[in-house]
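First comes the structure, then the notes that go with it.
The values are calculated or read from the model by the stated rules, or taken from the named source; none is laboratory data. None of these values were measured; they are calculated from a predicted model. As a convention, Cβ positions derive from the backbone with ideal geometry for all residues, glycine included, and neighbour counts pool all protein chains shown. The protein model used for the area step is the full one, side chains on, heavy atoms only, and it has no ligands, DNA or RNA in it. Shrake-Rupley method; radii C 1.70, N 1.55, O 1.52, S 1.80 Å.
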Amino acid sequence: MTELSEGPVVLAQALIRCASVTPIEAGVLDLLERTLSRGGFRCRRLAFSEAGTPSVDNLYARIGAGPPHLCFAGHTDVVPPGDEARWRHPPFAGEIEGGVLYGRGASDMKGAIAAFAAAALDYAHSQGDALPGSISLLITGDEEGPAINGTRKVLDWMAAHGERPDHALVGEPTNATRLGEAIKIGRRGSLNGRLKISGVQGHVAYPHLAKNPVKGLIAVLAGFYDTPLDFGTAHFSASNFEVTSIDVGNIATNVIPAKAEALFNIRYNGRHSPQSLQAWLRDQAAKVLAHSGLDFELSFEPPSHSFLTQPGPLDGTLSEAVREITGLTPSLGTDGGTSDARFIKALCPVVEFGLLTATIHKVDEQVSIADLEQLTAIYRRFLELYFEEFGIYVLE
């Protein structure tokens, strides 16, 4: 690499020092915009808003004009640090100790943004005026929050302005214990729901004069747990139902309550859709409560859809870069939570590769300097291989 080789560490520190807790920008996009602009990227700031949600600032930066066009996507917003007194170093200080960089966002995912920015600037510098395609960065400040005014709306803007990438790489953390273990080629969908059971309030000593909704709630939830949704697919684990909260709101020990509620989540694979799951849940609940005299209501939040990028040249090229730098052959997985890749997949093929998941969203979130520099080297090599591989396809 060129004189920018020290860039990822210094840039990651600077990004961490911006306390950009969703949806606050805190100067983090200003910093990134200045860094990319100095290297020849054309930057656009894109602010979006919607009734009932906070306005969010986003950044789109591109260098080059022709195909193939590779887009790196990431987020500079972070989750709150929690009790700052429990941190080894202040969460927004960006301090280094023992070869480790501490701070909120170090792994999720300001470290990866710094690594890719450094790699892209270095690669563009090495090509001069002969960049064999285009590199862009789509950076949002609304990934950890409601994800309404972020990546999804930037993608709409990109499509409307002819900024359609051929492929995308998302820098979410993907490795459990060692850099190079895993590439994500898809994600399970996520469906959040609320089950409300209504009965008849009464005295516990006279249960025949009441209808206890708690009994019905337990029975329905047990049925949801006991009936497998599926047994997985070639690239996905089995879909999973999980209760996240049960609430009765009853402070009296001698009163049968009138209602009981539960919150739940289903992480589902490509065998299901939100509509099919909702229909299945209603059918199961109706069967369990058919002769109970209890009523139920199911409501749902907007879902995150599952997706899969079929294995092929994109993940193969990234895998080669990982092998060359780390000596590891990464697995191709779909596990973990949702990411903004679920929006990008509608525009182009997308894969994910980033740092370690061990400390994300935790006290003392951190990244080793060695991993940060190695990730930069992986991204740098991937850029070389990408334009060698896909430049041929686009020209044909």
Next item on the list: Would you mind getting the accessible area per residue of the chain, heavy atoms of the protein chains only, 1.4 Å probe, in Å²?
Entry: 43 Å²
Next item on the list: Count charges around R88 for me, please; just the other residues with Cβ under 12 Å from its Cβ, Lys/Arg as +1, Asp/Glu as -1.
Entry: -3
Next item on the list: Output the peptides 268-280, 111-123 sorted from most to least packed, where packing is the average of other Cβ atoms within 10 Å over each peptide's residues.
Entry: 111-123, 268-280
Check: Rounded to a whole number, what is D in µm²/s for the chain from Stokes-Einstein with the Kirkwood radius over alpha-carbon pairs (4 °C, 1.567 mPa s)?
Finding: 57 µm²/s
Checklist line | Length released on extending from K362 to D283, taking residue separation times 0.36 nm less the Cα-Cα span | finding: 24.5 nm
Next item on the list: Just report the Cα centroid separation between region 63-125 and region 357-389, whole Å.
Entry: 9 Å
Next item on the list: Report, for the chain, the % of DSSP beta bridges that are antiparallel, rounded to 5.
Entry: 70 percent
Check: By how many nm would the segment from A234 to R42 grow when fully extended, if each residue of separation counts as 0.36 nm and the alpha-carbon distance is taken off?
Finding: 65.0 nm
Notebook entry, point to check: Out of A358, G293, A61, whose Cα points farthest toward the positive end of the dipole of the chain (charges: +1 Lys, Arg; -1 Asp, Glu; placed on Cβ)?
Noted result: G293
Check: So what is the orientation-averaged projected area of region 164-306, using the convex hull of its C-alpha atoms, in nm²?
Finding: 12.1 nm²
Notebook entry, point to check: Any idea what angle helix 369-395 forms with the longest principal axis of the chain, computed on alpha-carbon atoms, 0 to 90 degrees, nearest 10?
Noted result: 80 degrees
Check: By how many degrees, between 0 and 90 and to the nearest 10, does the Cα long axis of helix 274-288 differ from the longest principal axis of the chain?
Finding: 20 degrees
Margin query: For a protection proxy built on the mean count of beta-carbon atoms within 10 angstrom, sort 134-141, 384-391 highest first, please.
Written below: 134-141, 384-391
Check: Mind checking the angle between helix 7-16 and the chain's longest principal axis? C-alpha axes, 0 to 90 degrees, to the nearest 10.
Finding: 40 degrees
Margin query: Rounded to the nearest percent, how much of the accessible area of the chain (1.4 Å probe, protein heavy atoms only) is carbon and sulfur?
Written below: 52 percent
Notebook entry, point to check: Are any of the pairs K211/K287; K153/K196; K110/K153; K259/K287; K110/K184 more than 28 Å apart by Cα-Cα distance, and if so, which?
Noted result: K153/K196
Notebook entry, point to check: For region 67-125, what's the radius of gyration and Dmax over Cα atoms, in angstrom?
Noted result: 14.5, 49
Check: Roughly speaking, what is the stretch gain from S299 to A205, that is 0.36 nm per residue apart minus the C-alpha to C-alpha distance, in nm to one decimal?
Finding: 30.6 nm
Notebook entry, point to check: Between S198 and R88, what FRET efficiency follows from the Cβ-Cβ distance if R0 is 56 Å, with the result rounded to 0.05?
Noted result: 0.70
